[in-house]
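The values are calculated or read from the model by the stated rules, or taken from the named source; none is laboratory data. All figures in this text were calculated on a predicted structure; none of them were measured in a lab. For neighbour counting, all protein chains shown are included, and Cβ atoms are generated from backbone atoms with ideal geometry for every residue, glycine included. Please note that ligands, DNA and RNA were not included when accessible areas were found on the heavy atoms of the full protein model with its side chains. Shrake-Rupley method; radii C 1.70, N 1.55, O 1.52, S 1.80 Å.
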Amino acid sequence: MNIAAACLFLACILGLAAEAAAADTSFARVERGRYLVTAGDCVACHTASGGKPFAGGRPIQTPFGTIFSANITPDRETGIGAWTDEEFYNALHSGVAPSGAHLYPAFPYPYFAKVTREDVQAIRAYLGTLDPVKSTPPPPDLAWPLGHRFLMSGWNGLFFDQGTFQPTAGKSDEWNRGAYLVQGLGHCGACHTPKNFAGGDETDQALQGGLVQGWFAPDITNAQRTGIGSWSADDLVEYLETGRNKHSGATGLMAEVVADSTSGLSKQDLHAIAVYLKGQEGRQAENTDPPPQKVMAAGKAIYSDSCSGCHQMNGKGVPGMFSPLAGSASAQSNDPTTLVRIVLQGTRTVPTDTRPTPATMPAYGWKLTDGQIAAVLTFVRNEWGNAAEPVEAGDVESVRRALRSSSRTAK
């Protein structure tokens, strides 16, 4: 056999092997795909309120307008049923639809590009088992000229690094497994990394917290004051599995992540995520000047009247039910948006199989003025050894106005 014939024979063998791998719809592959879809929290974005799972249509608010998630059921007309496996892979790895149109990074392909082909094929196999749903999401509602998708080619050139995840030499298998999940399917940086003017990641501040859909996703690096520096790896596993630990409880968008994704992951994968995140060095919190005594006194009075029943005057909360505020990274966050929103709207922690009874906090937006909320949050952020920039009445007014606008849009 000459060299040319040998190469042709090898190419045929590899091609047949690739086809066989792509066509594999065994129970084991489908189950692996189901697990990976859970790890990617696909159902959260691809399910509209009151809609069929994975049928898309959920509005995703961005600073540039609203994008509606795609239908990823196997319906051949409105879903991905007519897509080839290669077209599905390209959507996740290149951000390009079968039509050649560029996708918007609200679909986090800059993260999914790190997922291996084998895992992409397993995800595709699982999605193929879903009931087809005929549903076409609304078109994007974006500021001009962002409706022209070809502009995303420029965005990709500036902010999108293609390439499957590569393990880091010298790190443990567990650390690399955690890195694969956090940087890839988990797409944690999509929320927890601050964005630049064009919506690209500020990569030099990875996982140090970012604004997303009216919430501040906190710093999840190992920063001592504002991150998870005071959490052990087991604390983090408990939080991701049950939605609560001795430090905090999952609310807002993170409640969805715990309910739909992390509570369904294996202990081994959760521990790998924890090991990786604990290895991410955060920035040191800046020293701040003490707030005016007059503001602290006003805040303490409001706290004593409205907050101490659950969080206690010493700020230590009630273990297993009401989160502590003393030493809390969330309370000392660089951006108080989430704190303000919780006080205005109230909240509750996510119920899970292992922690079925949620902890609830009532809304105070109807009762307290912007100045009073600013004072009590300034007190919380600077008492019991806490230290953070004071909250201004204007900060509260801004969040209150945004919530009213969002509520009117939803109607």
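Some observations on this one:
- Sequence-distant contacts, meaning Cα pairs under 8 Å at least 6 residues apart, place the relative contact order of the chain at 13 percent.
- Most fluctuating residue given options A274, A101, A387, as computed from a GNM of the chain linking Cα atoms under 10 Å: A101
- The amide H of T78, built 1.01 Å from its N in the peptide plane, has S135 as neighbours under 5 Å, considering only residues 5 or more places off or on other chains.
- Point-to-point label distance, D161-Q293, nm (Cα→Cβ direction, 7 Å offset): 5.2 nm
- Stretch gain in nm, segment F197-S49, where the contour uses 0.36 nm per residue and the Cα spacing is subtracted: 50.3 nm
- In order along segment 34-45, the phi-based Karplus estimate (6.51 cos²θ - 1.76 cosθ + 1.60, θ = phi - 60°) of 3J(HN,Hα) comes to 4, 5, 5, 4, 5, 4, x, 6, 5, 5, 4, 7 Hz; Gly and Pro are listed as x.
- Helix 393-410 vs. the chain, principal-axis angle (Cα, 0 to 90°, nearest 10): 50 degrees
- For segment 110-201, with all protein chains in place and a probe radius of 1.4 Å, 57% of the accessible heavy-atom surface sits on carbon or sulfur.
- Proximal lysines relative to K246, as straight alpha-carbon distance under 18 Å, when same-chain residues fewer than 8 apart are discounted: K278, K316
- Probe 1.4 Å - accessible area at H271, Å² to nearest ten: 60 Å²
- For the chain, the spread of Cα positions along the three principal axes, ordered from largest to smallest, is 89, 47, 40 Å.
- Rounded tilt (10° steps) of 267-278 against the dominant C-alpha axis of the chain: 60 degrees
- The fraction of Cα-Cα pairs per 10 angstrom bin, counted from 0 for segment 141-207, comes to 17, 40, 31, 10, 3 percent, rounded to whole percents.
- Put simply, the amide H of R348, placed in the peptide plane, has neighbours under 5 Å in G252, M361, leaving out anything fewer than 5 places away on its chain.
- 5 angstrom amide H check on G56, placed H, neighbours 5+ away: T47, A48, I72
- Cα-based shape type of segment 27-135, given that a ≥ b ≥ c are square roots of the gyration tensor eigenvalues and the cut on a/c is 1.5: rounded
- Cα gyration tensor category, rounded, prolate or oblate, for segment 321-411 with a/c compared to 1.5: oblate
- Estimated from helices alone, the mean residue ellipticity of the chain at 222 nm is -12500 deg cm²/dmol (sum of -39500 (n - 2.57) over DSSP H runs with n ≥ 4, per residue).
- The heavy atoms of D173 present about 140 square angstrom of accessible area, all protein chains included, probe 1.4 Å.
- Anisotropy class of segment 43-88 from Cα gyration tensor, a/c 1.5 cut: oblate
- Put simply, the convex hull of the Cα atoms in segment 159-297 casts, on average, a shadow of 10.5 nm².
- Crossing angle, helix 233-242 versus the chain [Cα axis fit, 0-90 degrees, rounded to tens]: 80 degrees
- In the elastic network of the chain, a GNM with C-alpha springs shorter than 10 Å, the most mobile of T354, T251, T378 is T354.
- Within a Gaussian network of the chain (alpha carbon springs, distance under 10 Å), most fluctuating of D269, D119, D204: D204
- Taking only Cα atoms of segment 246-306, radius of gyration then Dmax in Å: 18.7, 50
- Computed FRET value (nearest 0.05) for A169 with E87, which takes r as the C-beta separation and R₀ as 22 Å: 0.05
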